[in-house]
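Have a look at the structure below before the remarks.
Derivation of every value follows stated rules applied to the coordinates shown; laboratory data play no part. Not measured: the values here are computed from a predicted model. Every residue, glycine as well, gets a Cβ built from its backbone with ideal geometry; the counts of neighbours run over all protein chains shown.
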Amino acid sequence: MTPLDPRIHQALEGEVSRDALPPELRQEVEALERAVGQLRAAPPLPSVAARVLSEIRRPRPSPARRVGRWLAAPLALTLQVRPVWTLAVVAILAAVLLTGREPGPVLGAEEGIADFVGRFPGARSVEVVGSFNDWRPGATVLRDDNHDGVWRAALVLPSGQHQYMFVVDGERWVTDPLAGRYVDDGYGSQNAVLIVRPERGGGRR
Amino acid sequence: MRDAPDAAVVARVLGGDPEAFGVLIHRYEPELLRFAYRMLGRPDAAADAVADAFIRAYRHLAGCRDPAHLRPWLYRIVSNRCKSQLARRQRDEIPLEEAPPLADPADSDADLDRAEQLEQVEAALARLAPEQREAFVLRHVQGLSYAEMVAATGVVATTLRMRVHRAREALLAALKEFA
């Protein structure tokens with residue numbers, strides 16, 4: 001996906017005037033504003049008021065009775081397993097039983113292992129946020145087990161291109177200086193780019 | 001009671017007047033239904049999500065920490081119901097047979113163009129990842145501020161801005177593809 005010119009975002013946030021934009025950018029802003037105008041006009045939707053009030057007025061069973069009903073109600077469990085994962089589970093069990101050794105991670109055909117390494121001496125915490133975890137701080141934490149200032153994490157990711165940044169001490173967003181490839185993040189900074197290649201034959205690099 | 005602030009209505013409900021909850025339903029139902037419809041793409045699914053959300057809100061009203069700002073709290077409950085529905089679906093697209101019908105061929109060319117454009121916009125919205133769709137709809141369609149969006153989603157503002165940006169990019173790209 002090609003990032004938009006930052007001025008388009010600024011215009012849509014009301015931070016700059018649309019009239020100050022060059023014509024080609026103004027067209028993009030107008031296209032999005034037209035789309036928003038159409039989305040704001042939802043078709044007539046049925047009211048739920050009567051339904052909700054009817055439920056509210058219904059006397060609720062006592063907590064003990066609700067627990068009893070919950071315990072007595074049958075619970076349908078649906079487990080969908082791809083055949084390739086079933087074979088993988090069988091392979092793992094066979095490896096454990098036959099060799100007694102703990103196997104490495106089993107990767108899908110289009111997955112690889114991404115190693116994240118950052119040097120942040122003195123940091124209290126380091127995380128990696130990116131397109132693979134929806135840029136969510138706290139989702140992926142790096143570790144510095146020997147306290148030498150070098151933080152690491154390894155993730156199994158789908159093969160392909162991923163963008164990411166490090167978040168140091170929960171507040172400082174840092175571009176990985178060792179990434180080698182970068183893209184503009186639309187905020188005046190750069191996201192590092194990681195290419196994950198499929199691991200043929202499974203196991204860690 | 002109809003014009004009373006949210007905190008006063010909540011206090012009345014918690015004080016033993018469940019009918020007063022109807023004031024909150026009438027106050028927030030239109031925007032919550034529109035939000036759920038834009039998230040789920042189906043009127044019946046939107047109605048189910050919003051009805052379920054209001055019932056949960058009533059039952060957990062005492063747990064609302066800031067009754068003076070009920071709006072983000074209600075959005076949060078509706079958003080969670082929408083995500084539960086989306087997670088149960090195989091595909092996040094508006095099924096063609098349930099898409100809003102095009103205008104009658106007897107309508108004017110302008111009406112046909114408008115109907116076709118709306119269909120394209122809705123199809124483009126349906127192609128967004130749920131988190132991006134939610135952020136875009138909350139920001140642009142529902143008009144929430146980023147502070148309200150943080151309260152409604154529990155996600156930090158920087159991440160929400162990123163999702164809105166990505167949603168704009170994806171939406172424009174899809175609209176160009178349909179054009």
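Miscellaneous remarks
- From helices alone, the protein assembly as shown scores -15000 deg cm²/dmol at 222 nm; the rule is -39500 (n - 2.57) for each run of n ≥ 4 DSSP H residues, then divide by the residue total.
- Taking every Cα-Cα distance in the protein assembly as shown and sorting them into 10 Å bins from zero, the calculated P(r) comes out as 4, 17, 24, 25, 19, 10, 2, 0 percent.
- Cα centroid of segment A:1-55 to Cα centroid of segment B:38-87, whole Å: 22 Å
- Calculated from the alpha-carbon coordinates, segment B:1-49 shows an Rg and a Dmax of 13.1, 37 Å respectively.
- Label separation (A:A72 vs A:R181): 6.1 nm, computed from points 7 Å beyond Cα along the C-beta direction.
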